[in-house]
Amino acid sequence: MTSKITDVPGIRVGHVQRIGDGWLSGVTVVLPPPGTVASVDVRGGGPGTHETDALDPTTLVPTVDAVVLTGGSAFGLVTAHGAQRWCEEQGRGFAVPGGVVPIVPAAAIFDLGRGGDFAARPDEAMGYEAAAAAAAASEHADVGRGNIGAGTGAVIGRGAFKGGVGTSSITLDNGVVVGALAVVNALGMPFGGSPQREEPGSTNPAAPPALNTTLVVVATNAVLDPAECKRTASAAHAGLARALNPSHTLADGDTVFALATGAVGLDRSSEQARQVSLITLQSAAADAVRLAVLDGVASAESITTAAGTFPSYGAV
């Protein structure tokens, strides 16, 4: 069975997308179990994010209720409101007098106009629908790849080829599972591709200007505190650099979220044991991201819209 982020117990993924009639965009929601600790690391020069400041290790609330990845650039960040509304209806969120406030960070890729209509972008209702779809998924359910969810309008290599959603997981000897989900909409191209293929300077003449981002969610069943989650998100960025050339550019909004469900304790019997445990986990996170990025590129299919044809890069 193909590895996936939902190999981490309790992690669920929901996709919603629209293709045709000017549309080529969508939303992906990663829904963790209640009490999941989270952090984020933004490395790209052109990020589009929502509520990421709440994930700083020094802030009040260490947990999240959902993570939203979306198309539509900054306009698409409204999808987080839909996921937040769904969470509130389920009673998920930070308890305050009179109710709860769901913590729902989000990040967006640029895909405006790729279906032909600049105004065809995800809205609050699509965010709600994606959160509901994630909740409806069964434990360890397969995860849609390629032209789906937030990866529906994704491209790579300055618009030369289709990008998309990819996922992977790695299981360590101590029972820790590290999974990753990537939305690959990169300026760069995969390492190791055929030399006959176009290089990063090539462009699809029908494509809009190249504005890019690779979004990643890394999840683990390990017990991590917010600072350790932050370091895991930082380490996972190495997977982007191993998979894409170039990465983390001024035109990319590369963002990695890290989630820790807290089901499996790490060896903390000594400071050396703690360090070894964390280094091993964080190295696996970087490799899981690399695999998820390559999976997203390999899973994407050619697609033709009113804005032009975006060919598949194929297996890498």
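The values are calculated or read from the model by the stated rules, or taken from the named source; none is laboratory data. Just so it is clear, the structure is predicted and the values come from calculations on it, not from any experiment. When we count neighbours, we look across all protein chains shown, and the Cβ atoms used for this are built from the backbone with ideal geometry, even at glycine.
Here is a check on your reading of the model: is residue 293 in contact with a His (Cβ under 7 Å, 6 or more places away or on another chain), closer than 22 Å to residue 110 by Cα and touching a residue at least 12 places away in the same chain (Cβ under 8 Å)? No. Per this entry, residue 6 is counted among residues that are within 19 Å of residue 219 (Cα to Cα), touching a strand residue (DSSP E or B) at 6+ places or on another chain (Cβ under 9 Å), among the β-branched types (Val, Ile, Thr) and assigned to a helix (DSSP H, G or I). Pairs linking a residue in region 269-289 that is over 20 Å from residue 243 (Cβ atoms) to a residue that is part of a helix (DSSP H, G or I), with Cβ atoms under 7 Å and 6 or more positions apart or on different chains, are 278/228. Exactly one residue out of 124, 139 is touching a His at 6+ places or on another chain (Cβ under 9 Å) and surrounded by fewer than 21 Cβ atoms within 10 Å (Cβ to Cβ), and it is 124.
If the condition is being aliphatic (A, V, I, L, M) and at pLDDT 95 or above, then region 245-268 contributes 256, 258, 259, 260, 263, 264, 266. Scanning region 269-316 for residues that are of a type in the set (Val, Ile, Thr) and surrounded by 15 or more Cβ atoms within 10 Å (Cβ to Cβ) yields a count of 7. Of all residues in region 296-316, which are polar (S, T, N, Q) and in a helix (DSSP H, G or I)? Listed by number, the list holds a single entry, 299.
A single entry from 216, 293, 256 fulfils the requirement of being part of a helix (DSSP H, G or I) and touching a strand residue (DSSP E or B) at 6+ places or on another chain (Cβ under 6 Å): 293. Considering region 45-135, the qualifying strands (runs of 3 or more DSSP E), each wholly inside and each with 2 or more residues that are touching a helix residue (DSSP H, G or I) at 6+ places or on another chain (Cβ under 8 Å) and at pLDDT 95 or above, run over 67-70, 99-101, 106-108.
Of all the residues in region 50-107, those that are buried (at least 21 other Cβ atoms within 10 Å of the Cβ), over 16 Å from residue 131 (Cβ atoms) and hydrophobic (A, V, I, L, M, F, W, C) number 1. Residue 236 fulfils the conditions (1) of a type in the set (Gly, Ala, Ser); (2) part of a loop (DSSP other than H, G, I, E, B); (3) touching a residue at least 40 places away in the same chain (Cβ under 8 Å) except for a single criterion, (2). Selection of region 208-235 for residues being crowded, with 18+ Cβ neighbours inside 10 Å and either of a type in the set (Ser, Thr, Tyr) or at pLDDT below 95 (or both) yields 210, 211, 212, 213, 214, 220, 232, 234.
Does region 139-153 include one or more residues that are under 23 Å from residue 296 (Cα atoms), in contact with a Gly (Cβ under 8 Å, 6 or more places away or on another chain) and aliphatic (A, V, I, L, M)? Yes, region 139-153 contains a residue that is under 23 Å from residue 296 (Cα atoms), in contact with a Gly (Cβ under 8 Å, 6 or more places away or on another chain) and aliphatic (A, V, I, L, M). Evaluation of residue 131 against the conditions (1) crowded, with 24+ Cβ neighbours inside 10 Å; (2) closer than 25 Å to residue 246 by Cβ; (3) among the aliphatic types (A, V, I, L, M) shows that the sole unmet condition is (2). Just so you know, in region 163-191 the residues that are assigned to a strand (DSSP E or B) and of a type in the set (Gly, Ala, Ser) include one that is surrounded by the fewest Cβ atoms within 10 Å (Cβ to Cβ), and it is 169.
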